[in-house]
1. Within the set of pairs 6+ apart or on separate chains, which have a first residue in region 78-94 that is under 14 Å from L105 (Cβ atoms) and without any contact (Cβ under 8 Å) to a residue 60 or more places away in the chain, a second that is open to solvent by 50 Å² or more (accessible area, probe 1.4 Å) and part of a loop (DSSP other than H, G, I, E, B), and C-beta atoms under 8 Å apart?
2. Helices (runs of 4 or more DSSP H) wholly in the chain with at least 1 residues that are open to solvent by less than 90 Å² (accessible area, probe 1.4 Å) and basic (K, R) - which ones?
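The values are calculated or read from the model by the stated rules, or taken from the named source; none is laboratory data. Predicted model, so just to flag it, every value in this text is computed and none were measured. Using ideal geometry, Cβ is built from the backbone for each residue, glycine included, and neighbour counts are taken over all protein chains shown. Quick note on the areas: whole protein, heavy atoms, side chains included, nothing else; ligands and nucleic acids left out. Shrake-Rupley method; radii C 1.70, N 1.55, O 1.52, S 1.80 Å.
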Amino acid sequence: MRVFVSFNNRDGELARRLIRDCRARDVDAINKDLFLVSDGKPDALELIINEVRQFDLAVLMWSSNFHSDEWLPMELLALQIVHRERLRQFIYPVLLDDTPLPASLR
């Protein structure tokens, strides 16, 4: 199983701990910097969607940091598109603080 971990860099320590714990249980959890994949290209969203499709599920580490990030809304949109394509649970939010989840993630 391949797991994509989406998080804001300010929450990086918690994300790295999650990734280590997953790997200790033989789950291939990674965080791929999708910002580098897009690199300002005009088809950035499609590139990100194609990268996300390579994973079996996504863990979204939701916090005020994630919510206020300028880049992560595009990553979240890509995750939601893949979630809808698969017609099954793909995004698993992990709440790191009391920042309310968007309605689309509840």
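1. V82/R53; H83/Q89
2. 72-86
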